[in-house]
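Data block below; observations after.
The values are calculated or read from the model by the stated rules, or taken from the named source; none is laboratory data. Just so we're clear, the structure is a prediction, and the values are computed from it rather than from any experiment. Positions of Cβ are backbone-derived with ideal geometry, glycine not excepted, and every protein chain shown enters the neighbour counts.
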Amino acid sequence: MTPALDLADDDILAVIMPYQDLPGALLPMLHALQDRFGHVPGQAVPVLAKTLNLSRAEVHGVITYYHHFRDHPGGRHTIRVCRAEACQAVGADELAAHIKKSLACDFHQTSADGHFSLEPAYCLGQCAIGPSLLIDDDIFARVTPARLDRLLQQKRDLP
């Protein structure tokens with residue numbers, strides 16, 4: 001497991017302040033933090049609350065409501081498997097079972113080697129060509145277990 005980041009409030013403010021004047025700034029701030037640090041550090045919650053005049057509970061509630069945000073570091077690559085009905089109808093459940101077995105982890109977990117975090121997605125907009133998944137920002141459709149194995153190996157081989 002990756003040790004917790006030791007961040008100063010200034011580190012957090014540097015990431016979130018460009019979004020301060022946006023309507024509904026919390027979500028863009030959370031995305032920016034996760035993009036920068038790989039997760040939303042717990043140290044950011046009081047800084048976000050103070051900046052946006054929200055309670056810590058409100059900020060925490062948003063972080064935990066959306067499956068996209070994580071409060072701990074993830075793997076080098078994130079795999080998001082579509083769990084919507086259209087993908088389930090063409091084999092997403094079997095694909096998810098294969099991924100879980102291959103990575104030896106469940107949804108919201110990271111493989112022991114730290115390469116992959118596994119997350120559910122509840123529609124990737126590829127309904128006619130499922131089952132679909134995202135690996136980082138790349139979408140893949142009509143994914144079979146054999147194709148998944150090749151994709152995972154390609155990602156493992158990256159520097």
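Could you say which residue among 5, 54, 13 is in a loop (DSSP other than H, G, I, E, B), farther than 20 Å from residue 151 by Cβ, modelled with pLDDT of 95 or more and over 14 Å from the mean Cα position of the chain (by Cα)?
Criteria check complete, one pass: 54.
Checking residue 46 against (1) touching a Lys or Arg at 6+ places or on another chain (Cβ under 8 Å); (2) crowded, with 19+ Cβ neighbours inside 10 Å, which single condition isn't satisfied?
The single condition residue 46 does not satisfy is (2).
Going by the conditions given, is residue 59 more than 27 Å from residue 154 (Cα to Cα), outside the structural domain of residue 144 (by TED's automatic domain parsing), part of a helix (DSSP H, G or I) and touching a His at 6+ places or on another chain (Cβ under 7 Å)?
Spelling it out, it is not the case that residue 59 is more than 27 Å from residue 154 (Cα to Cα), outside the structural domain of residue 144 (by TED's automatic domain parsing), part of a helix (DSSP H, G or I) and touching a His at 6+ places or on another chain (Cβ under 7 Å).
If you check 35, 71, which single one turns out to be closer than 26 Å to residue 132 by Cβ, of a type in the set (D, E, K, R) and within 19 Å of the chain's Cα centre (by Cα)?
35
In contact with a strand residue (DSSP E or B) (Cβ under 7 Å, 6 or more places away or on another chain), among the polar types (S, T, N, Q) and either surrounded by fewer than 16 Cβ atoms within 10 Å (Cβ to Cβ) or farther than 30 Å from residue 60 by Cα (or both), is that true of residue 154?
no
Could you tell me which numbered condition residue 89 fails, if it satisfies all but one of (1) more than 27 Å from residue 157 (Cβ to Cβ); (2) buried (at least 16 other Cβ atoms within 10 Å of the Cβ)?
All conditions are met except number (2).
In segment 131-157, which residues are without any contact (Cβ under 8 Å) to a residue 12 or more places away in the chain and more than 19 Å from the chain's Cα centre (by Cα)?
146, 147, 150, 153, 154, 157 - these are the residues of segment 131-157 that are without any contact (Cβ under 8 Å) to a residue 12 or more places away in the chain and more than 19 Å from the chain's Cα centre (by Cα).
Would you please list the contacts, defined by Cβ atoms under 9 Å and residues six or more apart or on different chains, that run from a residue in segment 111-123 that is on the phi > 0 side of the Ramachandran plot to a residue that is at pLDDT below 95 and of a type in the set (Val, Ile, Thr)?
Close Cβ pairs satisfying both conditions: 114/2.
In segment 12-34, is there at least one residue being on the phi > 0 side of the Ramachandran plot and surrounded by 12 or more Cβ atoms within 10 Å (Cβ to Cβ)? Full working, then the answer.
If we filter segment 12-34 for residues that are on the phi > 0 side of the Ramachandran plot, which is where we start, we get 24.
Among the residues that remain, those that are also surrounded by 12 or more Cβ atoms within 10 Å (Cβ to Cβ) are: none.
No - not one qualifying residue is present in segment 12-34.
Could you check segment 94-111 and list, in sequence order, the residues that are closer than 20 Å to residue 130 by Cβ and among the polar types (S, T, N, Q)?
102
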